[in-house]
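The values are calculated or read from the model by the stated rules, or taken from the named source; none is laboratory data. What you see is a predicted model; the values in this text were computed from it and never measured. Cβ: placed from backbone, ideal geometry, glycine included. Neighbour counts: every protein chain shown.
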Amino acid sequence: MKYKLLTIITAGIILFTSCQSNSKAESSVSTDSTEQTKENEHTGDPVDVSKIKVADAKTILARKQVPILCYHQVRNWKPTDGKVGKDYIVEIQNFKDQMKMLADSGYHTILPDQLYAYLNTGAALPSKPIMLTFDDTDMDQFTIVRPTLDKLGFKAVYFIMTVSIGRKGKFVDYMTKEQIKQLSDEGNIIGSHTYDHKNFKKYAGKDWEEQLDKPTKKLEEITGKKITEFAYPFGLWNAEGIPELKKRGFRMAYQLSTKRDEKDPLFTIRRIIASGYWSPKTLSNSIKNSF
Ligand SMILES: [Zn+2]
């Protein structure tokens, strides 16, 4: 037990140091927004994704990217928080202000079904679409993020690291399976973020089962829904691993802000980390500049 907690803490520390280098943004491929509706009548409509055929890579890469934000902890800073760590810890009031800025600016949150339909078929999205994603299972995503988003009518994607479910750490507590189920029941999407945050680029042998198959099974048991979304630990991916994700029924995979793969853009969807140092204004500019 102690060992596993240590692993989580170590993973957290590695996370804090390793996501740093991914700040170079890929420039937008296209500024064409004619496929997005001016009105917002499509918000929340269920999308029948079962009939969608995957488009060729060129088509997908040519569509304007939907901004996707990646968050970790949402809590107030402590004296023990390091300089780098604060990139991954957005203070509570700042988070509320960031979300209010998005709502006031006319952004509408979308979920993976909508993104998948849009990227493959050009299906309409609400005006100013954005996706919110939360990694690593932190308890404050339930206690702070959930009510904040609820007030604004926002939905989000939660990428769960299954080793951490229900655990209390020395520095962080993690969501329970009941809380994860509730988020799912309330219309949010639960995705996989592996078992214990091991670097995807180093998987071999049993890792595929430990890091992909078992977590998927666990999350499907908890939510009663098929798990189709995957977030790479530290945002790190390699082209060799993508077939392994496809084989297992994943539909899209999310990295951080490096360039998308030319052959598999759906498995290298870009996100930016919304830094704890960013004001709502900085966030607003970063969204515009990064996608
Ligand atoms: Zn993570």
When you scan the range 189-291 for helices (runs of 4 or more DSSP H) that lie fully inside it, which ones turn up with 2 or more residues that are out of contact with any Lys or Arg (no Cβ under 6 Å at 6 or more places or on another chain), closer than 28 Å to Lys96 by Cβ and without any contact (Cβ under 8 Å) to a residue 40 or more places away in the chain? 280-290
With (1) surrounded by 14 or more Cβ atoms within 10 Å (Cβ to Cβ); (2) more than 16 Å from the ligand (Cβ to nearest atom); (3) among the basic types (Lys, Arg) as the list, and Arg167 as the residue in question, which single condition is left unmet? (2)
Could you please find all residues in the range 128-149 being in contact (Cβ under 8 Å) with a residue 24 or more places away in the chain, more than 16 Å from the ligand (Cβ to nearest atom) and within 18 Å of Ala103 (Cβ to Cβ)? Pro129, Ile130, Met131, Ile144, Arg146, Thr148, Leu149
Taking Val66 as the residue in question, decide whether it is surrounded by 18 or more Cβ atoms within 10 Å (Cβ to Cβ), modelled with pLDDT of 80 or more, among the hydrophobic types (A, V, I, L, M, F, W, C) and in a loop (DSSP other than H, G, I, E, B). yes
Pro126 vs (1) closer than 12 Å to Gly276 by Cβ; (2) out of contact with any helix residue (DSSP H, G or I) (no Cβ under 7 Å at 6 or more places or on another chain); (3) surrounded by 21 or more Cβ atoms within 10 Å (Cβ to Cβ): all pass except (1)
So which residues in the range 215-234 are among the aliphatic types (A, V, I, L, M) and away from the ligand (no atom under 14 Å from the Cβ)? Leu219, Ile222, Ile227
Selected residue [within 12 Å of the ligand (Cβ to nearest atom) and under 18 Å from the mean Cα position of the chain (by Cα)] from Asn188, Asn199: Asn199
